[in-house]
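Notes follow once the structure below has been shown.
The values are calculated or read from the model by the stated rules, or taken from the named source; none is laboratory data. Fair warning: this is a prediction, and the values are worked out from it, not measured in the lab. Because the Cβ atoms are built from the backbone with ideal geometry, glycine has one as well, and the counts that use them run over all protein chains shown. Remember, those area values only see protein heavy atoms, side chains included, never the ligands or the DNA or RNA. Shrake-Rupley method; radii C 1.70, N 1.55, O 1.52, S 1.80 Å.
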Amino acid sequence: MRLFDFHCDTPFAMETRGQALTENDCHVSLKKAEVYESYGQVMAIWSQKSLSSEEAWERFFVIRDDLISKLPEEKAAICTTCAQYRAALAKGKSPFFLAVEDARLLCGRYERLETLYRCGVRFLTPVWRDESCIGGAFNTEAGLTDFGRDAVRGALALGMVIDLSHASDIMMEEILAMAREAGRPVVATHSNSRAVCNHKRNLTDGVARAIAETGGVFGINMVPFHLSEDSVADARSVCRHILHFLSLGLEDAVCFGCDLDGMDVTPEGIRNVGDILTIADALRAHGVSETVIEKIFFKNADRFLQRVF
Ligand SMILES: [Zn+2]
């Protein structure tokens, strides 16, 4: 099985713990991913909530440099283009893409977007929690600010992918409209189904369909309280979300964005990136075909990345 995952917080976890990428006690390491024929990942750099937005800007570079210094050259590569992505896979390396999770570190300064792009960032999650210079997150009723609108438009023009995860409902609609206008796909890198688990971080059926209509994808995450309203979760809970999206006919849009290293408690039986493989067995038990399982684990992501970059 091949795996491409759209969201983890491992760069932050590795840097704060002073650990390596190859082997560590984080949820994600290259060693743990050896169960896959190939493994690719969007590596998010989180604007740590306890920092001011200016401090988060400084911290971004520290965490990015730390990640780059820990990449074994023969095993992994940061990619910014489709050609680099294909080359990494062909050489048996893990292709990684960089993301910024919570764009408040722009601090209202448009030119910082270009700096992020030059530094290799290709996925942008506008908000995380509360309100910022960009707009309102899932726990607010606020949409994009004027600067947020400029930033999203600018990021689309640069060729970044905008991530709806963590956005308020109104912001999701605003970004979807802007992406349609620009003829660009949007994603939700780590969001589950709100019909299955009623949490504002999860996607309504309408938004999930709208993402797919832009040519985008969404990644299922492993956060127990996004999987199940009583926070008790295991591989079967993950399946419920996937099966719901399949019932909507969205088999070409469902991926993984597990949010590993972004939670303290993982679902039962899913300790790390290697254990995501057990979800394939759970899906088989529900009669999901190998073709569809392969789409969810890898092919939908692969098609998206090859088309967008
Ligand atoms: Zn997140």
Task: Among ASN24, ASN202, ASN192: highest mean-square fluctuation, GNM of the chain, C-alpha pairs under 10 Å - done: ASN24
Open item on the list: Lysine pairs in region 2-308 with Cα distance under 24 Å, only those 8 or more apart or on different chains: how many are there?
Closed with: 23
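Would you mind working out the accessible area per residue for region 2-308, using a 1.4 Å probe, and quoting it in Å²?
Values: 11650 Å² over 307 residues.
Ligands and nucleic acids excluded, the figure is 38 Å² per residue.
Based on alpha-carbon positions alone, could you give the equivalent ellipsoid semi-axes of region 37-91 from the gyration tensor, as √(5λ), descending, whole Å?
Details: eigenvalues 153, 24, 18 Å².
Largest first, region 37-91 gives 28, 11, 10 Å.
Show me the chymotrypsin sites (Phe, Trp or Tyr not before Pro) within region 72-156 that DSSP assigns to loop and that have at most 14 other Cβ atoms within 10 Å of their Cβ.
The qualifying sites are TYR110.
Are there any GluC sites (Glu not before Pro) in region 95-187 that are in a DSSP loop and have at most 16 other Cβ atoms within 10 Å? List them by number. Present the calculation step by step, with values, prior to reporting the outcome.
Working: sites: GLU101, GLU111, GLU114, GLU131, GLU141, GLU173, GLU174, GLU181; in loops: GLU141.
Passing both the DSSP loop test and the Cβ count: GLU141.
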Open item on the list: At 1.4 Å probe size, with the rest of the protein present, what percent of the exposed accessible area of the chain is carbon and sulfur atoms?
Closed with: 49
Open item on the list: Considering only C-alpha atoms, what is the centroid distance from region 16-53 to region 91-121, in Å?
Closed with: 16
Task: Principal axis dimensions, largest first and in whole angstrom, of the chain by Cα - done: 49, 42, 36
Open item on the list: Under 10 Å, Cα contacts only: if you run a Gaussian network model on the chain, which one of THR189, THR140, THR291 comes out with the highest mean-square fluctuation?
Closed with: THR291
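Counting only DSSP beta bridges with both residues in the chain, what percent are antiparallel, rounded to the nearest 5?
10
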Open item on the list: From the helices alone, meaning DSSP H stretches of at least four residues, give me the mean residue ellipticity at 222 nm for the chain, per-run term -39500 (n - 2.57), in deg cm²/dmol to the nearest 500.
Closed with: -11000 deg cm²/dmol
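Taking Cα pairs under 8 Å and at least six residues apart, what relative contact order does the chain come out at, in percent?
Values: 637 pairs, mean separation 57.6, N = 309.
Reported relative contact order: 19 percent.
Please tell me the relative contact order of region 32-151 in percent, rounded to the nearest whole number, where contacts are Cα pairs under 8 Å and at least six residues apart. Intermediate values should be presented prior to the final figure.
On the way: 178 pairs, mean separation 27.6, N = 120.
RCO, region 32-151: 23 percent.
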